[in-house]
Every structure is written in structure tokens, then in C-alpha cells.
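All remarks here apply to the structure that follows.
The values are calculated or read from the model by the stated rules, or taken from the named source; none is laboratory data. Because the structure is a prediction, the values reported are computed rather than measured. When we count neighbours, we look across all protein chains shown, and the Cβ atoms used for this are built from the backbone with ideal geometry, even at glycine.
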Amino acid sequence: MHDVDLRDGDKVSNLFRQEKFDAIAHLAARAGVRPSIQQPQLYYDTNVAGTLHLLEAARASGAERFIFASSSSVYGAAKKVPFSEEEHLTQTFSPYAATKIAGEFLCSTYSHLYKMRIVALRYFTVYGARQRPDLATHQFTRKIHAGEPIDQFGDGTTRRDYTYIDDIIQGTMAALKYEGPMFDVFNLGENKTIQLKDLIAAIETALGKKAKINRLPEQPGDMPLTCADISKARKLLGYNPKTKFEDGLPRFVDWFLKSRGAK
């Protein structure tokens with residue numbers, strides 16, 4: 001374990017000189033659409049410059065594999081659903097999404113120039129044990145459990161492709177063994193969308209409590225829908241998501257309640 005700020009290129013380089021890494025799974029980033037609108041420079045420095053520093057260190061040290069955690073947010077204005085890796089991406093909706101597509105292009109450039117084997121994985125709304133507390137599933141669960149109102153942006157019809165953490169781990173580990181093109185991109189999702197209001201209802205059922213809902217206008221930067229075409233990942237990575245939302249959501253709530261009890 002090393003505590004290193006990815007924005008500090010010298011410290012990243014020094015770490016790679018101290019240790020010999022065969023592979024890098026780059027999962028570190030400033031995440032979240034809405035905060036990126038308030039702090040675009042911070043997101044650029046962390047997600048773009050930080051990725052560049054890791055790629056440079058990997059190149060200089062001769063690391064054999066590099067996994068980059070991208071996001072479904074890169075699909076932005078894509079019209080075709082479900083989202084395919086073959087989609088020509090022309091517009092993102094948030095600084096966060098822009099930093100993720102920039103990271104993908106940096107990865108493809110380094111792969112091309114230095115023959116590095118790099119895989120970019122577009123994660124679709126990951127949830128499960130230890131989920132970030134600012135994300136909707138965790139935040140709603142915490143507030144409903146506490147009897148506090150939750151903020152619902154829009155009419156509740158926005159849809160997300162919720163993907164359970166165990167399935168994301170399976171796909172990520174498979175990417176570390178991928179022997180296809182030197183640079184490639186894969187969607188890791190569930191291939192099923194859930195409406196925001198149905199997410200809230202599922203949390204209510206799992207907790208046995210009704211939500212107090214504070215209805216607000218739609219937020220700038222939010223995508224109305226995400227849905228992954230996972231046929232490529234199924235075929236080439238052996239990706240096989242097994243946890244349906246109706247099973248995964250109660251598992252998350254069970255973890256949440258147990259973690260609260262432990263505290």
C-alpha cells in the first residue's frame with residue numbers, strides 16, 4: 001500500500017522505480033457528474049493529468065498491461081440504445097465524462113506509440129457493498145433508513161443500467177488476461193435498465209420504510225438513460241453478469257444495515 005496523489009507526476013514515477021508492477025488497474029479518479037460541473041479543473045487535473053502520469057510511469061517501467069476504468073458517461077449524446085463500443089462519440093454532457101473520454105484517447109495513443117496492451121472498461125452504474133456514499137443507491141438507502149428526505153431530480157423516469165460489484169470484478173479480472181488487440185474498449189454493464197422511481201421503491205421494500213421525496217428539476221449533465229450492449233465483452237472476455245438487480249439491491253441493503261450495526 002502506497003498513499004500517492006496521482007496529480008504529482010514525480011511521486012508516481014518514484015513509486016514505479018521502487019516497485020516492479022506487471023499490470024496496472026487504474027481505478028482511481030474524481031467521480032461524479034454533478035461535482036465535476038462545480039470543479040472542472042480538479043477533475044481535469046486528477047482524471048486526465050493523473051492518467052497521463054500513470055501511463056508515463058507504466059511506459060518507463062515496462063509494465064505489460066494497463067486497465068483503465070472508464071464510464072458509461074462517455075456515451076453522452078449517443079442516440080442508439082443499447083450503447084455499443086462501436087458508437088462514434090461526438091458529445092459528452094459533463095466535465096467528468098469529458099475527462100473519461102480523454103483518458104481513453106490517452107490510453108489508445110500510448111498503446112499505439114509504445115505497443116502497450118491497454119483495455120478501457122466502460123463501467124455502468126456500479127453498486128454493491130462498500131459503494132461510494134454519494135451515489136444514489138447508497139445515499140437513498142442511508143436517508144430513507146434515517147427518515148430523512150431524499151432529492152429526486154426529474155420525474156423519476158431516468159433509467160440506469162445498474163451493475164453489481166461482483167460482476168464488475170469478474171469482467172475487470174478477465175480484462176487483465178485479454179490477448180486481443182493491443183488497445184480495446186469494453187462495456188461492463190447488466191444490459192437491463194431500471195427507472196429511478198423503481199430504484200427508490202426497491203429500497204423502500206428492502207428497508208420496510210417509505211421514502212420522503214423532495215422533487216427537484218432535472219440536473220444539468222445527467223444522462224436520461226444508460227444501457228450497455230455487453231455482447232462484445234461476453235464474446236471476448238467471457239464476461240457473464242449473474243446478479244440481477246432484484247437480487248443485488250437487497251444484498252446491498254443487507255450490507256448497509258450490517259455495516260451500520262457494526263458502527
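With respect to Asp151, is the statement that it is surrounded by fewer than 19 Cβ atoms within 10 Å (Cβ to Cβ), more than 24 Å from Gly103 (Cα to Cα), at pLDDT below 95 and within 22 Å of the chain's Cα centre (by Cα) true? In short, yes.
Apart from one condition, Thr243 fits all of (1) in contact (Cβ under 8 Å) with a residue 40 or more places away in the chain; (2) outside any loop (DSSP other than H, G, I, E, B); (3) among the β-branched types (Val, Ile, Thr); the exception is (2).
Counting only residues that are among the small types (Gly, Ala, Ser) and not in a loop (DSSP other than H, G, I, E, B), which one in the stretch 202-218 is surrounded by the fewest Cβ atoms within 10 Å (Cβ to Cβ)? Break it down stepwise before answering.
Taking the stretch 202-218 first, the residues among the small types (Gly, Ala, Ser) are 202, 206, 208, 211.
Subsequent filtering for residues that are not in a loop (DSSP other than H, G, I, E, B) retains 202, 206.
On the way: Ala202: 21, Ala206: 19.
For the stretch 202-218, the residue satisfying everything is Ala206.
Identify all residues within the stretch 66-78 that are closer than 17 Å to Leu225 by Cβ and touching an Asp or Glu at 6+ places or on another chain (Cβ under 9 Å); write none if there are none. Explain how you work it out, then say what you get.
First, the residues of the stretch 66-78 that are closer than 17 Å to Leu225 by Cβ: 71-78.
Scanning the stretch 66-78 gives Ser72, Val74, Tyr75, Ala78.
Hey, does the stretch 132-139 have a residue that's at pLDDT 95 or above, within 22 Å of Leu216 (Cα to Cα) and not hydroxyl-bearing (Ser, Thr, Tyr)? Yes: one or more hits. Considering Gly103, Gly50, the condition of being surrounded by 19 or more Cβ atoms within 10 Å (Cβ to Cβ) and in contact with a strand residue (DSSP E or B) (Cβ under 8 Å, 6 or more places away or on another chain) is satisfied by Gly103 alone.
All of (1) in contact with a Lys or Arg (Cβ under 9 Å, 6 or more places away or on another chain); (2) modelled with pLDDT of 95 or more; (3) not hydroxyl-bearing (Ser, Thr, Tyr) hold for Gly171 with one exception: (1). Of everything in the stretch 31-42 that is surrounded by fewer than 18 Cβ atoms within 10 Å (Cβ to Cβ) and not β-branched (Val, Ile, Thr), the residue that is modelled with the lowest pLDDT is Arg34.
May I ask you to say which residue of Tyr96, Tyr123, Tyr110 is under 21 Å from Leu54 (Cβ atoms), more than 18 Å from the chain's Cα centre (by Cα) and not polar (S, T, N, Q)? Selected residue: Tyr110, the only one of Tyr96, Tyr123, Tyr110 that is under 21 Å from Leu54 (Cβ atoms), more than 18 Å from the chain's Cα centre (by Cα) and not polar (S, T, N, Q).
Of the residues Glu64, Glu86, which is among the acidic types (Asp, Glu), more than 21 Å from the chain's Cα centre (by Cα) and under 25 Å from Tyr239 (Cα atoms)? Break it down into steps so the answer makes sense when it comes.
Details: Glu86 fails: more than 21 Å from the chain's Cα centre (by Cα).
Result of the check over Glu64, Glu86: Glu64.
Out of curiosity, is Lys244 under 21 Å from the mean Cα position of the chain (by Cα), of a type in the set (Lys, Arg), over 30 Å from Glu148 (Cα atoms) and at pLDDT 95 or above?
On the way: under 21 Å from the mean Cα position of the chain (by Cα): yes; of a type in the set (Lys, Arg): yes; over 30 Å from Glu148 (Cα atoms): no; at pLDDT 95 or above: yes.
Considered against the rule, which asks whether it is under 21 Å from the mean Cα position of the chain (by Cα), of a type in the set (Lys, Arg), over 30 Å from Glu148 (Cα atoms) and at pLDDT 95 or above, Lys244 comes out as no.
Per the conditions (1) surrounded by 14 or more Cβ atoms within 10 Å (Cβ to Cβ); (2) in contact with a strand residue (DSSP E or B) (Cβ under 8 Å, 6 or more places away or on another chain), the sole criterion not satisfied by Leu15 is (2).
Against the list (1) without any contact (Cβ under 8 Å) to a residue 40 or more places away in the chain; (2) surrounded by fewer than 21 Cβ atoms within 10 Å (Cβ to Cβ), the condition Lys197 fails is (1).
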